[in-house]
Amino acid sequence: MQFDGVLGTLQKICSVYILSAQDIRQWDQYTIEREPVSSIVLMERAAGKCVDWILAKDWRNRSFKIFCSKGNNGGDGLAIARLLLQDGFSVSVYILEFGKPGATDFQINLHRLKDTRHVDLHFITAKENFPLINTDDILIDALFGSGLNKPLDNLAAEIVEHINHSKALVISIDLPSGLFPDQTSKGNKVVKANYTLTCQCYKRGLLVQDNAMFIGEVHVLDIGLDPLFLHTKTFTHHLIDVHLAKQAFQPRNLFAHKGQFGHALITAGSYGKIGAAVIAAKACLKSGVGLLTCYLPKCGYAIMQASLPEAMVITDDNENELEQLPGDIEKYSVIGIGPGIGTTDATKKLVSFIIRRYKKPLVIDADGLNCLSLQKELLDQLPPYSVLTPHVKEFDRLFGEHQDDFERIHTANEKAKKLNIIIVLKSHHTLIATPSGNLYFNSTGNPGMAKGGTGDALTGIITSLLAQNYSPEHAAILGVYLHGLAGDLAANALSQEAMMASDLISFLSHAFKELK
């Protein structure tokens, strides 16, 4: 079975840095001054890349309606309209008229468009001027881009609602209109795009779960901004792509033996939830750990021994839950704790004992995090560089309620630095916050992974990599990337609907091969 296509797609959409709107403006100016190139030529370049993307689709017989304002994003839309007309497409252009002349580059492209044959150009001054949209039309949203700094209102908000009420396919240029690049857009009127063609690199607004309903399928288009700009300042927001994953990956030495790959302890399971322990343990072994011991309640002994003969098993005296320390815990290279353990008083005490007594980094997930949220005084006692892997609700239980994803990003950044830990905030683009202040957003993964057990698998993967002497930061980066890539490979082979956490683990072998 071949998997080259999946990784090839990921390589094309990934870039290293995630820049703010201000950074992008500076990058534009740097390119203009250094190349040198005029801003209108840069706009033409961006429009050409968008048209190239459109030409690759089977849309030759479709009608395009392009909506523009009078800023630079509107200038992009006018240039796209002209290029599509020159290529023989049916195009109508609708410009929001606010009584102002518009940006310089917008005006230049407006004159160019008017000189093009067969142009169908309309100025919208009131709601009555809105066009009828057919279901088979393709709409290009070039109203407002990354320069937007306030919510849309009046006629601009009404045209967005008009677009959203249509059944037509929508392509947004750079960002869906109404979406802020660097802060929450909750409550805004925002275009709901099927595709977002964003220029040069991801913006944070395209990576947060809050905006999922607006952005559709994101494609990053290289418009030729000078890459030397990226060496002129320090950037703290990064995208985890295949190149970064390969940098973190440590190939095995020819003379290696199992003692060089660590001895991990997975502390997991309670009555009815031994499956969580099995999934975490299997993922740990499939990710290359030298030795694995599983610490379970007695009811899990036969299940684990039958499910995973490669793992060693020790049990608590309690039949149904964990309540005692599993002997000398310092002998283990790393401890992963949490999947399926529950939150009884005895188990909370066990979590407390391990946090206070173990000196090396821990991996804490699921009920381990819930036990921690019920004993928040333990946050200050976490071993340095421990890795916490919460989903959104677990994150809020630990650190308080948040109104939006941008607040969570800020909190994760501050808590990782203050507590000297690594926070893996799970989402479609999982965030990794590090003590250094660097933030990483993952590029792999798909909705088929939104099922019970996939988080337990991630716990096992990161625990395994830490045991193998990866740095905690690299273990988190590589673990999250491999977890998502294995999920993508499983979905490609089995479908998002049919794949399970155990399938993801089976495809870890293919994911590792992609890094070699």
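The values are calculated or read from the model by the stated rules, or taken from the named source; none is laboratory data. Just so it is clear, the model here is predicted, and its values are computed rather than measured. In this analysis, Cβ positions are derived from the backbone assuming ideal geometry, glycine residues included, and neighbour counts consider all displayed protein chains. Accessible surface is based on the protein model in full, side chains and every heavy atom, while ligands, DNA and RNA are left aside. Shrake-Rupley method; radii C 1.70, N 1.55, O 1.52, S 1.80 Å.
Per residue, the solvent-accessible area of the stretch 281-349 (1.4 Å probe, heavy atoms of protein chains only, all protein chains present) comes to 41 Å². Quotient of the Cα radius of gyration of the stretch 287-435 and 2.2 N^0.38 Å, N being its number of residues: 1.07.
At an R0 of 56 angstrom, the distance between the Cβ atoms of residue 98 and residue 247 translates into a FRET efficiency of 0.70. With R₀ set to 45 Å, the beta-carbon distance separating residue 161 from residue 16 gives a calculated FRET efficiency near 0.75. Loop-located trypsin sites (Lys or Arg not before Pro) in the stretch 97-143 (DSSP state not H, G, I, E or B) with no more than 11 neighbouring Cβ atoms inside 10 Å: 117. Given a 1.4 angstrom probe, I'd like the percentage of the accessible area of the chain that is carbon and sulfur, rounded to a whole number. So the carbon and sulfur contribution to the accessible surface is 50 percent.
For the chain, the longest principal axis of the C-alpha atoms and the axis of helix 4-13 are separated by about 60°. Across every direction, the projection of the convex hull enclosing the Cα atoms of the stretch 437-516 has a mean area of 5.3 nm².
The residues of the stretch 78-177 present an accessible area of 46 Å² per residue when probed at 1.4 Å with all protein chains retained. With a threshold of 29 Å on the Cα-Cα distance, the over-threshold entries among 359/513; 282/513; 331/513 are 359/513; 331/513. A value for log10 I(q)/I(0) by the Debye sum over Cα atoms at q = 0.06, 0.11, 0.12 Å⁻¹ was derived from the coordinates, and within the list (1) -0.38, -0.92, -1.05; (2) -0.34, -0.93, -1.04; (3) -0.39, -1.02, -1.14 it appears as (2).
Packing around the peptides 252-261, 24-33, taken as the average count of other Cβ atoms within 10 Å per residue, puts them in this order, highest first: 24-33, 252-261.
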